[in-house]
1. Could you name the aspartates and glutamates in cross-link range of Lys95, using Cα to Cα under 17 Å and dropping any fewer than eight places away on the same chain?
2. Over the chain, with a Gaussian network built from C-alpha contacts below 10 Å, which listed residue (Met59, Met30, Met69) shows the highest mean-square fluctuation?
3. What spacing in nm lies between the two simple spin-label points modelled at Arg232 and Leu137, each 7 Å away from Cα in the Cβ direction?
4. How do Leu258, Leu47, Leu162 rank by accessible surface area computed with a 1.4 Å probe, from largest to smallest?
5. May I ask you to derive the relative contact order of the chain, considering only C-alpha pairs under 8 Å and at least 6 residues apart, and to give it as an integer percent?
6. Label points 7 Å out from Cα along the Cβ direction at Asp204 and Ala294: separation in nm?
7. Enumerate the residues in segment 22-36 having an amide nitrogen under 14 Å from the point lying 7 Å beyond the Cα of Leu162 toward its Cβ.
8. Per the Kirkwood formula on distinct C-alpha pairs, the Rh of segment 160-289 is how many angstrom?
Amino acid sequence: MVDTSTQDGAGEGIRTFPFPVELSVGGVGMQVGPMGTGRTWHTDAPLDRVHRIDFHVVMLFDDGPVRHMIDFAEHEAAADDVLWIRPGQVHRFSKSSGYRGTVLTMQPGFLPRATVEATGLYRYDLPPLLHPDERQLAGLRAALTYLRGEYDDGGADGTLPLSLHTAVLRHSLTAFLLRLAHLAASSAEAARSLADTTFTLFRDAVERDFATNHSVSAYADALGYSRRTLVRAVRAATGETPKGFIDKRVVLEAKRLLAHTDLPIGRVGAAVGFPDPANFSKFFQLHTGNTPVAFRAELR
């Protein structure tokens, strides 16, 4: 396994681990299996230390409670809960929790674009911890069991050639993710923004460019909307202004780097679009009430 980050977790940045294709059956872009076996996860990833991954992880728990940190929030999952971690999120496994259940990992490029949109794979606004009811849980478990059976049928002894096996996996994975996406979007807040194409495009653009672009007008121009249209769409979806949404994402990334790396304050600021350390400190203090130095000190 190769660490895609050029930075060292001890002092330079947050380590980012790629999807472990070499550990998947048949080398396909997904894995599914029991938690804790080492089969469906990096054997050398620092699971109990903060890190990022560039793929999706979905865990369906058979037992609990399990505590898992995702972007400064501690989530406690019980039996039959689902935890969905998306690419780029900073997270950490708990040393004290026993992870039992089924884990699904998937490479972003494994599914076609239409499926990615339909299943909300990049809905970072949705909660990572999900609590399915009895019927939803039955559907998720049935779909996941079928997917796991098809996945295990891969490899040299499989009943299908690799191309057909991969196609079957994509369809089976899509069926499971559609159920999962429905569950994730069932809250009122999620449903309010689900169909808002303008906000969806803006959200995706901010996620991609927040480190270099803090301008609402620039985003509006790039997306082909008027500033007024963008303001209405973002406010309807989140209750925030577009500028507030951008700033919130910048602050989150700055907090990640301040909390989980030893990067100098100036380099943290530069990483989120502030070449001038003084301007970064003013921005951070305005939005958090703390200077970057004080915020870091509180967590050490």
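1. Asp44, Asp48, Asp63, Glu74, Glu76
2. Evaluated over the chain, the most mobile residue of the options is Met69.
3. So the two model labels end up 4.4 nm from each other.
4. Putting Leu258, Leu47, Leu162 in descending order of accessible area: Leu162, Leu47, Leu258.
5. Relative contact order for the chain comes out at 15 percent.
6. 4.0 nm
7. 22-30
8. Evaluated over segment 160-289, this radius sits at 17.2 Å.
The values are calculated or read from the model by the stated rules, or taken from the named source; none is laboratory data. Predicted model only: the values in this text are computed from it and were never measured. All Cβ positions, even for glycine, are placed from backbone atoms using ideal geometry, and neighbour counts span all protein chains on display. The accessibility values were calculated without ligands, DNA or RNA, using every heavy atom of the protein model including side chains. Shrake-Rupley method; radii C 1.70, N 1.55, O 1.52, S 1.80 Å.
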